[in-house]
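> Quick one: the structure is below, and I'll ask about it shortly.
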Amino acid sequence: MSDRPFAVGFIFGVLPVLLSYIKGWVWFPSELSWEDKGLMILCAMIVVSNYLNEYLQWYPLQYSKFAPEGGVPARLGWFLLYFIPMVAYVLVWNYLGASTEPYDLLMLGLYCAHFSKRCLETLFVHKYSKDCVLIAVIEIATFYSLGAVTTAYSLHSLSGPERHSFLDNELRVKIGLGVYCTGQLCNLAHHYILASLRSPGKYKYVIPSGGLFSLVVCPQYAGELLSWLGFGIVGMSYGAFINYMPMVAYLSARAHHTYRWYGQKFEDYPGKSTFKLWPFVY
Ligand SMILES: NC(=O)c1ccc[n+]([C@@H]2O[C@H](COP(=O)([O-])OP(=O)(O)OC[C@H]3O[C@@H](n4cnc5c(N)ncnc54)[C@H](OP(=O)(O)O)[C@@H]3O)[C@@H](O)[C@H]2O)c1
């Protein structure tokens, strides 16, 4: 397979958002407030920054296979960087009036379910080969918390009849929930496969097999992206997609470097003929 450029992965990733928009499944306020404009600009800036820092490697995040041994115990570091953003989301939801409308409760539930799953995986599924670098824990917790604050705020801005009728479009909600759950299961299954490659005392990197690893290098990332896409489709507000766009940029870049890393580390790496993130596309 020829090494397809980042643009292919990114464009394919954002295509479902475009289709949702064409279908009328993405809601924008009739008049954009300065906060709305600020959020959109921030989202675009993070997409560009993820491209520069991760794909072009200006300042890549230092964790997992791309990091040296750190000083923060792995489970503690990973747990904190998933737990803090969840708390941030709940705090903002509470600050904005702790709405118990079905819309707010559903989105709160989906957001917390995502991060609770990650916390539980950190404690019970992953087998880490190294401790975390402190600065990476701070950076990732800050990055996710920024996502939590902007998501909670922008979902709150969904107003008018759309807020009350969002469950009326059953097809959209069912598709959104289906995509969200499929993504979470795909992510969990491949994390489980990765963990099962390691046995106590033998925390080496090996060539992953099983599940969708024969089709793509990082199926766990594809699962992560599907979850955020489903979250966006259910949430309908443009703010529900604010997590998805930067993550497409980030994980496309990360998958690209993981693909190259395997190729350099394992001479017999069969993945040279597979795709990085999206089966048959990128
Ligand atoms: N939303 C986002 O922007 C974002 C960004 C990054 C990650 N994530 C999510 O966070 C998860 C973890 O990120 P990550 O990049 O660390 O994921 P990863 O590479 O999927 O690592 C997950 C676990 O599997 C282990 N592992 C990875 N490759 C292995 C191999 N070849 N052989 C044996 N074990 C292996 C890792 O060990 P080590 O810890 O020893 O490397 C780690 O414990 C991802 O799956 C993704 O869902 C999300």
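The values are calculated or read from the model by the stated rules, or taken from the named source; none is laboratory data. Here the structure is a predicted model, which is why all the values come from computation and not from measurement. Because the Cβ atoms are built from the backbone with ideal geometry, glycine has one as well, and the counts that use them run over all protein chains shown. We work out accessible area using only protein heavy atoms, side chains counted, and drop any ligands, DNA or RNA first. Shrake-Rupley method; radii C 1.70, N 1.55, O 1.52, S 1.80 Å.
> On the basis of being within 13 Å of the ligand (Cβ to nearest atom) and of a type in the set (Phe, Trp, Tyr), does Trp78 make the cut?
yes
> Another one. Can you tell me which residues in region 15-32 are touching a residue at least 60 places away in the same chain (Cβ under 8 Å) and among the aliphatic types (A, V, I, L, M)?
Val17, Val26
> Okay, next question. Inside region 177-188, can you point out the residues that are within 11 Å of the ligand (Cβ to nearest atom) and of a type in the set (Gly, Ala, Ser)?
Gly183, the sole residue that qualifies.
> Here are the criteria: (1) free of Cβ contacts under 8 Å to residues at least 40 places away in the same chain; (2) within 14 Å of the ligand (Cβ to nearest atom). Tell me which single one Ile242 does not satisfy.
With respect to (1) free of Cβ contacts under 8 Å to residues at least 40 places away in the same chain; (2) within 14 Å of the ligand (Cβ to nearest atom), Ile242 is out only on (1).
> Here's another thing I want to ask about it. Under 7 Å between Cβ atoms, which residue pairs at least 6 apart in sequence (or on different chains) link something in region 42-64 that is of a type in the set (A, V, I, L, M) and part of a helix (DSSP H, G or I) with a partner that is within 15 Å of the ligand (Cβ to nearest atom) and open to solvent by less than 40 Å² (accessible area, probe 1.4 Å)?
Leu42/Thr150; Ile46/Pro246; Val47/Pro246; Val47/Ala249
> Quick check: is even one residue across region 260-280 in contact (Cβ under 8 Å) with a residue 60 or more places away in the chain, more than 17 Å from Tyr144 (Cα to Cα), out of contact with any Phe, Trp or Tyr (no Cβ under 7 Å at 6 or more places or on another chain) and buried (at least 23 other Cβ atoms within 10 Å of the Cβ)?
No, that holds for no residue.
> Take the conditions more than 15 Å from the chain's Cα centre (by Cα), open to solvent by 10 Å² or more (accessible area, probe 1.4 Å) and more than 10 Å from the ligand (Cβ to nearest atom) and apply them to Gly235. Does it pass?
No; evaluated as a whole, the condition is false for this residue.
> Okay, next question. Let me confirm something: among Leu18, Leu76, which residue is surrounded by 12 or more Cβ atoms within 10 Å (Cβ to Cβ) and of a type in the set (A, V, I, L, M)?
The match here is Leu76.
> Tell me, yes or no, whether region 191-210 has at least one residue that is more than 9 Å from the ligand (Cβ to nearest atom), buried (at least 24 other Cβ atoms within 10 Å of the Cβ) and more than 30 Å from Lys37 (Cβ to Cβ).
No, because not a single residue in region 191-210 is more than 9 Å from the ligand (Cβ to nearest atom), buried (at least 24 other Cβ atoms within 10 Å of the Cβ) and more than 30 Å from Lys37 (Cβ to Cβ).
> Next question. Out of all the residues in region 24-41, which are outside any helix (DSSP H, G or I), of a type outside the set (Ser, Thr, Tyr) and open to solvent by 40 Å² or more (accessible area, probe 1.4 Å)?
Gly24, Phe28, Glu31, Leu32
> Output yes when any residue across region 41-49 is within 24 Å of Leu194 (Cβ to Cβ) and polar (S, T, N, Q), and no when none is.
no
> Pull out all pairs, ordered by first then second residue, where Cβ-Cβ is under 7 Å, the residues are six or more apart or on different chains, the first lies in region 102-122 and is within 14 Å of the ligand (Cβ to nearest atom), and the second is open to solvent by less than 40 Å² (accessible area, probe 1.4 Å) and of a type in the set (Ser, Thr, Tyr).
Close Cβ pairs satisfying both conditions: Tyr111/Tyr89; Tyr111/Thr151; His114/Ser227; Phe115/Tyr82; Arg118/Tyr82; Cys119/Tyr82; Thr122/Tyr82.
> Of the conditions (1) out of contact with any Gly (no Cβ under 6 Å at 6 or more places or on another chain); (2) within 14 Å of the ligand (Cβ to nearest atom); (3) open to solvent by less than 60 Å² (accessible area, probe 1.4 Å); (4) assigned to a helix (DSSP H, G or I), Ser129 fails just one. Which one is it?
For Ser129, the exception is condition (4).
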